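Colleague: Got a structure for you, questions after.
The values are calculated or read from the model by the stated rules, or taken from the named source; none is laboratory data. All of these numbers come straight from a predicted model, not from anything done at the bench. So basically every Cβ, Gly included, is an ideal-geometry build from the backbone, and we count neighbours across all protein chains shown.
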Amino acid sequence: MRKGIMPVLIVLLLGGITFVLVLATMGHVNERVQVVVAAQPLNPGTRITAQMVKVASVHPSAVGKNALRRVQDAVGQVVMVQRLPGDILTKDTVGDQASSLFASALAPDMRAVAVHVNGATSLFGIIRPGDYVSAVAVLDANEILQKSAAATMSESAAPVAAEATPTAAPPQSAAARIVLSHLKVLMVPSSFRYEEVTQTSNGVMSGSSLQKDMNQGVVLLEVPVAKTVVGYLPDGSALEASPVELLSLLEATGKIQLALEPLNAQAATTSGIAADDLLRTMVEKPTPTPELTPTPKAEGG
C-alpha cells in the first residue's frame, strides 16, 4: 500500500512546486510600474505642459533608473531629445534650459545654424542627424540687382566721376556653386524624415513620407564660425567670410540646396555655373573652322 502511495505523493509534490513557480513567474510578468511618457510628439526645445504627457504602466525591465515617475516632475521641463508618443521621459531627455542639448554638444569654434528647406533641397528626407552635407548656393542675379537698384534709387544720388573705372559685369542670370562642405546635420524635423510605406495587420498603409507636409521646414547644421575663403573676386583677390555669416546671407538673398556627402568624401573645388552660360551651350553652336586645301605647286616653276 505504501509503495502505491509514494509515487502519488511525489507527483503531488512536484505539481505543487510547479504551481508555485508558475504563480511566481506570472506575478513577475504582470508586475508594473508607473512612468511618465509622451502623449504627443515632443520636439527639442518644447517646454512641457501637463497636456503633453501622461502616466503609463510598464514592466520594470523597460524602465531606466532616470525615468520620471510623476507628471509634475515633467511639467515645466524642456525637451532636449525628440520624443514620440509612448516614449518614456527621463532626466537625460529633459532639462530646465532649452539650449542645453545643442549648446553642450557644440565645440567652441562651431555654431548651430538653421536653414530653410523643402522636400527637394532637403534630399526628400533621407538625411539624418549625424550626416554630413555640402551647401550649394543658388542666387538669382536679376533679383539681387533689382533689389540693389531699388535701394539705390531711394537714396540721394552721389556725383559720379567723369572717368570711372569699369568693373567686371556680374552674371545676369541665376548661378549655383558649392560654397561650404562637411557641415554636420544636428537636427531634422520629423516631417522631413523619409519612411518606407508599411502595411499593418489590418491592411492599413502607414509610414509613407508622401503623407507628410514637406513644403517647408528647417534643418539645423553645425557650422564653423572662423573666417574662411568662400570665393574669388574678378580681380583675383580672395573673398573671406565666416560660414555662419555666409549661410545667413544666403538665407536672406538666395536659396540653399543640401547635398549629402559620402562617408569618405573628398574635398572638391568648383567654379560654379551660371544659367546664361548653360543656355548658350544648348542653343549656340560653334562656327566650324574651314579647312584650307593647300594649292599644288606648278611643275618646273
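Colleague: Checking Gln40 against (1) of a type in the set (S, T, N, Q); (2) more than 17 Å from Thr90 (Cβ to Cβ); (3) exposed (fewer than 10 other Cβ atoms within 10 Å of the Cβ); (4) at pLDDT 75 or above, which test does it fail?
Modeller: Failing condition for Gln40: (3).
Colleague: For segment 250-265, name all the residues that are of a type outside the set (Asp, Glu), under 19 Å from the mean Cα position of the chain (by Cα) and part of a helix (DSSP H, G or I).
Modeller: Correct list: Leu250 only.
Colleague: Kindly provide the set of residues from segment 194-243 that are at pLDDT below 60, surrounded by 10 or more Cβ atoms within 10 Å (Cβ to Cβ), of a type in the set (Val, Ile, Thr) and in a loop (DSSP other than H, G, I, E, B), ordered by number.
Modeller: Result: Val197, single match.
Colleague: Under 8 Å between Cβ atoms, which residue pairs at least 6 apart in sequence (or on different chains) link something in segment 224-242 that is within 17 Å of Lys184 (Cβ to Cβ) with a partner that is of a type in the set (Val, Ile, Thr)?
Modeller: Close Cβ pairs (under 8 Å, with a partner that is of a type in the set (Val, Ile, Thr)) amount to Pro224/Val244; Val225/Val244; Ser242/Val225; Ser242/Thr228.
Colleague: Looking at segment 82-104, can you tell me whether even one residue there is assigned to a strand (DSSP E or B), on the phi < 0 side of the Ramachandran plot and either touching a Ser or Thr at 6+ places or on another chain (Cβ under 7 Å) or of a type in the set (Lys, Arg) (or both)? Quick ask: steps written out before the conclusion?
Modeller: Going residue by residue through segment 82-104, those that are assigned to a strand (DSSP E or B) are 83, 88, 90, 94-95.
Pick out the ones that are also on the phi < 0 side of the Ramachandran plot and you get 83, 88, 90, 94-95.
Retained after the next criterion (residues that are either touching a Ser or Thr at 6+ places or on another chain (Cβ under 7 Å) or of a type in the set (Lys, Arg) (or both)): 83.
Scanning segment 82-104 turns up at least one residue that is assigned to a strand (DSSP E or B), on the phi < 0 side of the Ramachandran plot and either touching a Ser or Thr at 6+ places or on another chain (Cβ under 7 Å) or of a type in the set (Lys, Arg) (or both).
Colleague: Of the residues that sit in segment 269-283 and are exposed (fewer than 10 other Cβ atoms within 10 Å of the Cβ) and not in a helix (DSSP H, G or I), which one is modelled with the highest pLDDT?
Modeller: Ser271
Colleague: Can you tell me which of Ala67, Ala112 is at pLDDT 80 or above, under 27 Å from Ala50 (Cβ atoms) and either in contact with a Cys (Cβ under 9 Å, 6 or more places away or on another chain) or of a type outside the set (D, E, K, R) (or both)? Give the steps one after another, and end with the answer.
Modeller: Details: Ala112 fails: under 27 Å from Ala50 (Cβ atoms).
Just a single option satisfies the conditions, and that option is Ala67.
Colleague: Still on this structure, please answer the following. Using the structure shown, decide if Ser57 is among the hydroxyl-bearing types (Ser, Thr, Tyr), over 24 Å from the mean Cα position of the chain (by Cα) and modelled with pLDDT of 80 or more. It would help to see each step written out before you state the result.
Modeller: Details: among the hydroxyl-bearing types (Ser, Thr, Tyr): yes; over 24 Å from the mean Cα position of the chain (by Cα): yes; modelled with pLDDT of 80 or more: yes.
Taking the combined requirement at face value, the residue satisfies it.
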